[in-house]
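Worksheet: the structure to be examined is printed underneath.
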Amino acid sequence: MARRVAMVNNKGGVGKTTSTVRVAEGLAKAGKRVLVIDLDPQGNASQMLGWDFDPAEKQPTISQAIKADREGAARDVIQPIGWECDYADRITLAPARLTLENRMSEAGIAGAWRRLEKALEGVDDALDYTLIDCPPSLFHLTQLGLAAAHDAVIVTEADIYAIDAAKRVRDFITAKGPKDLANPTLSLRGVIINAFNEQTVRQSEQRDSVRRIFGDLVWDPIVKFREALATGNNNAIPLTESRFSESRATYELLTQTFLKEIPLP
Ligand SMILES: Nc1ncnc2c1ncn2[C@@H]1O[C@H](COP(=O)(O)OP(=O)(O)OP(=O)(O)O)[C@@H](O)[C@H]1O
Ligand SMILES: [Mg+2]
């Protein structure tokens with residue numbers, strides 16, 4: 001079975017999707033086979049990976065696989081990504097769009113928390129990693145992701161609200177989650193600091209605060225705020241061009257940390 005890693009924070013816009021997609025890219029470049037599950041009705045990971053949503057077509061999404069409540073249902077929704085580069089075929093996608101919101105109404109159904117895990121049963125056996133891009137909440141969709149995951153990685157900015165949200169996630173996973181999520185082996189493996197602006201004293205202080213709070217869980221390198229990266233994200237392209245070289249190098253190093261902290265058996 002692939003190692004399943006949920007990328008989380010209880011704060012929006014901190015770079016969960018960017019980290020999921022760019023680490024997936026790094027892993028694919030390193031020869032790993034990766035499935036990205038878009039678990040956010042905003043569908044940003046799907047968009048960033050160049051998935052072409054056509055409202056006129058009945059394209060399958062992760063929403064159907066969860067709704068199916070059937071072992072292996074995710075097999076029917078996994079698709080190639082839209083990038084053109086030599087490692088693109090090592091990344092596949094279970095895409096999402098707004099219809100994923102409909103799964104929220106199932107939160108009160110007994111056992112519904114296990115539906116993603118069920119849908120993935122036997123589906124990612126031949127892969128190395130499954131990365132799950134969670135929405136900025138700790139409610140049903142994220143709980144589906146955490147129940148299906150072996151490991152969790154928090155993505156945060158050096159900002160007080162993002163850090164407070166990261167602490168809520170840590171407490172949810174470590175103190176409360178294993179019991180309430182019925183996933184006793186879920187393990188918090190790392191904290192990525194994203195969109196760091198080295199020119200502000202405030203962010204430097206907040207970075208130090210993240211290190212104080214999370215200690216060895218904080219991954220190196222810190223990902224700096226780079227307009228080029230945002231452009232690459234918005235254009236839904238891989239970081240192959242020279243204008244992305246700084247961010248590309250950062251994610252290559254971050255991928256090495258990922259592989260060290262979340263090794264394959
Ligand atoms: N290091 C960075 N430098 C510059 N821009 C960044 C960086 N990381 C993320 N961004 C940009 O910031 C915006 C938010 O990032 P992203 O969508 O990854 O956050 P998120 O945590 O997934 O948000 P949400 O909570 O809405 O799902 C995007 O436009 C993205 O391209
Ligand atoms: Mg996102």
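Given the protein chains as shown and a 1.4 Å probe, how many square angstrom of Lys167 are accessible, to the nearest 10?
In the full protein context, Lys167 sits at about 70 Å².
Between Thr200 and Glu57, what is the spin-label point distance in nm, taking each point 7 Å from the Cα along the Cα→C-beta axis?
4.1
Using the Cα centre of the range 166-265 as the reference point, and only Cβ charges (+1 on K/R, -1 on D/E), how large is the resulting charge dipole? Debye, rounded to the nearest 20. Before the final figure, lay out the partial values.
Values: 15 positive and 12 negative charges, 71 e Å.
Charge dipole of the range 166-265: 340 debye, to the nearest 20.
Once neighbouring chains are kept in place and the probe is 1.4 Å, which whole percent of the accessible area of the range 3-261 is contributed by carbon and sulfur?
On the way: 5240 of 11060 Å².
Solvent-exposed carbon and sulfur of the range 3-261 make up 47 percent of the total.
Please work out the FRET efficiency for the pair Ala228 and Asp125, using the Cβ-Cβ distance as r and a Förster radius of 35 Å; give the result to the nearest 0.05.
Numbers: r = 37 Å, r/R0 = 1.05.
My answer for the efficiency is 0.40.
Give me the dipole magnitude in Debye, nearest 20, for the chain about the Cα centre, with unit charges on the beta carbon: positive for Lys and Arg, negative for Asp and Glu. Display every interim value, and only then the final one.
Values: 33 positive and 36 negative charges, 126 e Å.
For the chain, the charge dipole is close to 600 debye.
Using the charge dipole of the range 32-126 (Lys, Arg: +1 at Cβ; Asp, Glu: -1 at Cβ; taken about the Cα centre), state which of Pro95, Ile109, Val34 has its Cα farthest towards the positive end.
Among Pro95, Ile109, Val34, the one farthest towards the positive end of the dipole of the range 32-126 is Ile109.
Have a look at the DSSP beta bridges in the chain and tell me what percent are antiparallel, nearest 5.
If we restrict to bridges inside the chain, about 5 percent are antiparallel.
Heavy atoms of the protein only, probe of 1.4 Å, neighbouring chains included. What is the accessible area of Ile160 in Å², nearest 10?
Using a 1.4 Å probe on the heavy atoms, I get roughly 90 Å².
Can you give me the relative contact order of the range 3-261 as a percent, contacts being Cα pairs under 8 Å and 6 or more apart?
So the answer I get is 26 percent.
Work through the residues other than Ala165 whose Cβ is under 12 Å from its Cβ and net out their charges, Lys, Arg +1 and Asp, Glu -1.
+1
Would you mind putting 145-151, 258-264 in packing order, based on average other-beta-carbon counts within 10 Å, highest first?
Most protected by this proxy first, the peptides run 145-151, 258-264.
Just from the alpha-carbon atoms, what are the Rg and Dmax of the chain in angstroms?
17.2, 51
Please calculate how many Å² of accessible area the range 3-261 carries per residue, with a 1.4 Å probe and no DNA, RNA or ligand atoms counted. Mind dumping the intermediate values first?
Details: 11060 Å² over 259 residues.
That works out to 43 Å² per residue.
So what are the ³J(HN,Hα) numbers for the range 92-104, from phi and the Karplus equation (6.51, -1.76, 1.60; θ = phi - 60°), rounded to whole Hz, Gly and Pro as x?
So the Karplus estimates, Gly and Pro as x, are 10, 9, 9, x, 9, 8, 4, 4, 4, 4, 5, 6, 4 Hz.
Given the pairs Lys32/Lys167; Lys67/Lys167; Lys118/Lys224; Lys16/Lys224; Lys32/Lys118; Lys118/Lys260, which span a C-alpha to C-alpha distance of over 26 angstrom in this model? List each step's numbers first, then the result.
Details: Lys32/Lys167 31 Å; Lys67/Lys167 31 Å; Lys118/Lys224 37 Å; Lys16/Lys224 14 Å; Lys32/Lys118 24 Å; Lys118/Lys260 28 Å.
Exceeds cut-off: Lys32/Lys167; Lys67/Lys167; Lys118/Lys224; Lys118/Lys260.
Before anything else, pin down the relative contact order of the range 58-189: Cα pairs under 8 Å, at least 6 apart, normalised by residue count, whole percent. Can you show the working numbers first?
Values: 159 pairs, mean separation 28.1, N = 132.
Relative CO of the range 58-189 lands at 21 percent.
Which shape class applies to the range 56-160: rounded if a/c is under 1.5, otherwise prolate when a/b exceeds b/c and oblate if not, where a ≥ b ≥ c are the square roots of the Cα gyration tensor eigenvalues?
Here the range 56-160 falls in the rounded category.
Output wanted: per-residue J couplings in Hz (rounded whole) for the range 121-131, from phi through Karplus 6.51 cos²θ - 1.76 cosθ + 1.60, θ = phi - 60°, x for Gly and Pro.
Going residue by residue, I get 3, x, 8, 9, 4, 8, 9, 8, 9, 10, 9 Hz, with x marking Gly and Pro.
Per the helix-only calculation at 222 nm, which mean residue ellipticity applies to the chain, given -39500 (n - 2.57) for every DSSP H run of n ≥ 4 and division by its residues, nearest 500 deg cm²/dmol?
Values: 10 runs with 96 residues, N = 265.
Counting only the DSSP helices, I get -10500 deg cm²/dmol.
Over what distance in Å are the Cα centres of the range 169-246 and the range 114-166 separated?
The two parts, judged by their Cα centres, are 14 Å apart.
In debye, nearest 20: dipole of the range 29-119 around its Cα centre with unit charges on the Cβ of K, R (+) and D, E (-)?
With only Lys, Arg, Asp and Glu charged at Cβ, the dipole is about 380 debye.
The values are calculated or read from the model by the stated rules, or taken from the named source; none is laboratory data. Only a predicted model underlies this, so the values are computations on that prediction, with no experimental measurement involved. Don't worry about glycine lacking a Cβ; one is built from the backbone with ideal geometry, like all the others, and counts go over all protein chains shown. Remember, those area values only see protein heavy atoms, side chains included, never the ligands or the DNA or RNA. Shrake-Rupley method; radii C 1.70, N 1.55, O 1.52, S 1.80 Å.
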